[in-house]
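The numbers here are math on the coordinates, done by the rules we state, and not lab data. Since we're looking at a predicted model, the values are computed, not measured. In this analysis, Cβ positions are derived from the backbone assuming ideal geometry, glycine residues included, and neighbour counts consider all displayed protein chains.
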Amino acid sequence: MNTRTSEGPAEREAASVARNAAARAVAAPPAADWVTIDGLEVSYGDTTVLEGVSFGIPRGSLVAVLGPSGCGKTTLLRAVAGLLPASAGTIRVGTRVVSSASVQLAPEKRGMGWVPQDASLFPHLSVGENIGFGLPRGGRTGGKAARAARIVDLAELVGLTGLVDRSPAQLSGGQAQRVSLARALAARPDLMLLDEPFAALDPLLRAALRIEVAALLRDQNSTSLLVTHDQEEALSLADYVAVMRGGRLLQWGTPAEVYEHPVSRWVAGFVGDTVELDGRWVGAGTAVAAAATGRVECALGVVPARAFDGAAPVDGAAVRLMLRPEWLHLSPAITRVIAPGPVQQPARPVSTAEGAATPIAPASAAAASVTLVQSRPRARQLPGLGLAPAGTEPVVALVTDIAYAGHDALVSVEVADGTVIRARVAAPDLPQRGDRVRVSIRRPALAYPLD
């Protein structure tokens, strides 16, 4: 797959992207790109809005362009659609050059479908007429019949079979977006362009509809370009993610590559929650965990880490350590009395086997109403929860806050030097404020040079 990234604000960031792209090209055979954007530049007057953007979209894949407001992602989409001219570079779909400094193919001749943010249905047309708006009407009976059949098929495809005769005013927001999607698919476009199509919907409908739309596009083998500022949307729906900032492409890769191996601290923080710590690179030592290139001394002790671009800093160099909250694991550090009553000594030794908390039998019948739970710290986690890397020693910390989100929570803990970090913990395993816990790391952290 042809993937190139323009220079970012820092030269080392651009060099890292190039090395990562080269490594992926060696590791896997290249996929055929159906859409190729090469060195694209777009300007408004004397102001350059897009600068040297390059990437390729394999046929049948869904690519999400992710970035903050004003980064140029909508400008990119409009340039691909033919609504803005390219001042440099090229846009190619299949074998056709549709945009360059000397070529500007009209939007209606590009064979592209467009799904806007607000559905933009024609209020004076029915649902069926909106779906079929871009289809040839045909002067013969056979042409009219084919058009009517295509409208019926598309209405069924998006789950609106019984609504083709309704007015757009009688539709919900989700139904209106389905009509917009069906209208864009009607002419069997070479490329689908989606401009934040779920942004105006309420959260529950947005989550459900975007899953439906992604599945439908894949079933149709549609090549799609989605613009969004929603990180969850980009990571959960896309085959590839392009992260933009300031009119430049900072990183391109699969959702896992972008989330787990961000090329800069900015990309890391924009794509998801981070835990960042100051540290000092101390080299490989005698043992380094798998996937790590060295170790970093920080508030969590000496932890295994990977240099962000694969090139290890010199020993003793100051670095900024980055982890995701779910890369941290919390385990109990003390014994806690659950039920009120006098605490008795155990009648038998407590097993030291690694595992869940073990009830201790009371010493007498009088204390039978008391349950003492011995919570033992684990040196390693149970299979399925992710194993802590070799050489990682747990650090004792105090739980100071819990930001509950239902399915999980971000648990804030304070370590010995006063540093506060956040770990993501599943709801059934939540500690309580004031608990002492042990903090270990599931996987190597990422080390970035200081700016």
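Quote to one decimal, in nm, the extra length available between Glu212 and Ala187 on full extension: 0.36 nm per residue of separation minus the C-alpha distance between them.
Using 0.36 nm per residue and subtracting the Cα-Cα distance, I get 7.0 nm.
Give, in nm to one decimal, the length gained when the segment between Val152 and Arg137 is fully stretched (0.36 nm per residue of separation minus the Cα-Cα distance).
3.9 nm
Cβ neighbours within 10 Å, averaged per peptide: list 33-44, 107-118, 181-192 in order, most packed at the top.
181-192, 33-44, 107-118
Hey, fewest Cβ within 10 Å first, where do Arg59, Arg245 land in order?
Lowest to highest Cβ neighbour count: Arg59, Arg245.
Enumerate the residues in segment 164-203 having an amide nitrogen under 18 Å from the point lying 7 Å beyond the Cα of Arg96 toward its Cβ.
184-194
Can you give the FRET efficiency to the nearest 0.05 for Gln170 and Ser87, using r as the Cβ-Cβ distance and R₀ = 60 Å?
0.85
Find how much the distance from Asp202 to Glu129 grows on full extension, using 0.36 nm per residue of separation minus their present alpha carbon separation; answer in nm with one decimal.
Here the segment from Asp202 to Glu129 would lengthen by 23.6 nm.
Would you please state which residues of segment 168-211 a label at Asp273 would reach in this model, taking the label point 7 Å out along Cα→Cβ and a backbone N cut-off of under 14 Å?
No residue qualifies, since no backbone N sits under 14 Å from the label point.
Taking 7 Å along the Cα-to-C-beta vector as the label spot, tell me the Phe122-Ala256 distance in nanometres, rounded to one decimal.
According to this spin-label approximation, the distance is 4.6 nm.
Obtain the nm distance between the two label points defined at Tyr404 and Ala416 by a simple spin-label model: each point lies 7 Å from its Cα along the Cα-to-C-beta direction.
3.3
Order 129-137, 171-179, 220-228, 440-448 from most to least packed using the mean count of other Cβ atoms within 10 Å.
Those peptides, ordered most packed to least, come out 440-448, 220-228, 171-179, 129-137.
For Asn221 paired with Arg433, estimate the spin-label separation in nm (one decimal), with each label point 7 Å from Cα along the Cα-to-Cβ line.
Each label point lies 7 Å from its Cα, and together they span 5.8 nm.
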